[in-house]
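Here is the structure we will look at.
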Amino acid sequence: MMHVVISGYYGFDNVGDEAILYSIIRTLKEIQPDIKITVLSNNPEKTSYTYHVHSVNRRNIVAIRKAIKESDGLISGGGSLLQDITGPMSIPYYTGVIQLAKWHRKPVFIYAQGMGPINRKFSKLIVRMTLNKTDHITVRDDNSKSLLKLLGVKLDARLAPDPVLGLDSSTFISPWMESQDISNSIISVSVRHWKEYTSFKPKIARSLDHLVQNGNTVIFVPMHGLHDHHASEEVASLMEEKCLISPHDATIQEKIALIGKSQLLIGMRLHSLIFSAINATPFIAISYDPKIDSFAEIYNQPVIGDVTATSWGEKELVEKVKWILERSEEHETYIKQKLKICKEEAMETALGAIRTIRASAKVN
């Protein structure tokens, strides 16, 4: 029986990262039903209960070392793990887990990660040194691939879609939404706080007022628990028209289903855009990170602007919504065509992880 350890930003109630974990586990078990999986988590009890896997505390070095030593290999990812824009400790932690696996002579598979931004010299050094020791690297966009080459990573990185794009959302439902009395078309919204920048929030609020006045129902979808719930409340408080905020603690499947019932998503969080894509729901992105721009480009959906920019406002956003909705069938067709390819590639990534670990560890 193969035993793999999965390292990532898990157990923090971030729906995007939890969706990644859910997707990786689901795909690995689809390929090899008897696989044993241990997840490094901030909340191991909840992770074990939710995904029916073994889990250990991501801060317990003794437990991590034991899990890796007893495993056949490490899967690092997915998500944006190797970046230093959110703080200086992310890269040392995740590269440290990889180094620990290599010290125990275990194969390491980098699973559909988004690389960067990486600004600190020390961060660049340890990423280069660590990734050059891994066995296989897959990244989710061209920018990540280019960054690794720039850093001096010699191992060729293969492009792979975000694992969540491999999900089949056709059976997912949102009991909360079904309990609401909604007769208008739905515009779903994903917002977050971003550093000290706040000027984008009134612009979004005024835009949403226009959309409600035009006969739409606006529903906020918090993607990172209470953090995004508070951000949603702040934008909603700036609106003059009524809106809804969906439960911050809804399941991954419920959030996907809600966005799937929308005519359009206006989103900041990457995985709100990904949830749109797997439903073939058109979206408009508001960027705070290159990963947003990269994903929107892949699916040929517009980025209205950056949260720090003054080049866009309520008028531009409302006009872009109108433009998208007038061409919704065209956008849905394009997304579906792209998604079909991504689903196949997502399965191939999981197969690649199993092959890499099986070949290096010589397990049956």
Summing -39500 (n - 2.57) over every DSSP H run of at least 4 in the chain, dividing by its residue total and rounding to the nearest 500, the 222 nm mean residue ellipticity is -15000 deg cm²/dmol
At R0 = 45 Å the Cβ-Cβ FRET efficiency linking GLU234 and ARG355, nearest 0.05, sits at 0.45
The rounded separation in angstrom of the Cα centers of the range 72-134 and the range 198-239 is 35 Å
Here, the range 146-244 modelled as identical Cα point scatterers in vacuum has Debye log10 I(q)/I(0) at q = 0.17 Å⁻¹ of -0.89
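Below 8 Å, C-alpha to C-alpha, sequence gap of six or more: please give me the relative contact order for the chain in percent. Present the calculation step by step, with values, prior to reporting the outcome.
On the way: 709 pairs, mean separation 60.6, N = 364.
Once divided by the residue count of the chain, the mean separation gives 17 percent.
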Once normalised by the length of the range 242-364, the mean sequence separation of its alpha carbon contacts under 8 Å that are 6 or more apart gives a contact order in percent of 19 percent
In terms of the alpha carbon gyration tensor, root eigenvalues a ≥ b ≥ c, rounded if a/c is under 1.5 and otherwise prolate when a/b exceeds b/c or oblate, the range 1-41 is oblate
For the pair GLN337 and LYS154, the simple spin-label estimate (label points 7 Å beyond Cα toward Cβ) gives in nm 4.1 nm
Heavy-atom accessible area per residue of the range 27-87, all protein chains kept, 1.4 Å probe, expressed in Å², is 47 Å²
Here the residues of the range 245-285 lying in the modelled label zone of PHE12, meaning backbone nitrogen under 17 Å from a point 7 Å along Cα-to-Cβ, are 269-272
With a 23 Å threshold on alpha-carbon distance, the violating pairs from LYS66/LYS291; LYS46/LYS145; LYS29/LYS124; LYS261/LYS340; LYS36/LYS66; LYS203/LYS340 are LYS66/LYS291; LYS46/LYS145; LYS29/LYS124; LYS203/LYS340
Per the 1/(1 + (r/R0)^6) rule, R0 = 25 Å and r from the Cβ atoms of GLU330 and ASN214, FRET efficiency to 0.05 is 0.75
One finds the C-alpha centres of the range 1-66 and the range 154-176 to be spaced, in Å, by 16 Å
At R0 = 30 Å the Cβ-Cβ FRET efficiency linking SER185 and MET347, nearest 0.05, sits at 0.35
Extension length gain for TRP323 and THR171 (0.36 nm per residue less Cα distance), in nm, is 51.7 nm
Reviewing [x] 62, 42, 36; [y] 59, 58, 42; [z] 70, 49, 37, the figure for Cα extents along the principal axes in Å actually calculated from this model sits under [x]
Treating every alpha carbon of the range 46-88 as one equal point scatterer without solvent, the Debye formula yields log10 I(q)/I(0) values at q = 0.34 Å⁻¹ of -1.10
Quick shape check on the range 73-230: root eigenvalues a ≥ b ≥ c of the Cα gyration tensor, a/c under 1.5 is rounded, otherwise prolate if a/b tops b/c, else oblate, and it reads prolate
Ignoring ligands and nucleic acids, THR134 exposes an accessible area, probe 1.4 Å, in Å² to the nearest 10, of 10 Å²
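The values are calculated or read from the model by the stated rules, or taken from the named source; none is laboratory data. All values derive from a computational prediction rather than experimental measurement. Note: ideal-geometry Cβ built from the backbone for every residue, glycine included; neighbour counts use all protein chains shown. Accessible surface is based on the protein model in full, side chains and every heavy atom, while ligands, DNA and RNA are left aside. Shrake-Rupley method; radii C 1.70, N 1.55, O 1.52, S 1.80 Å.
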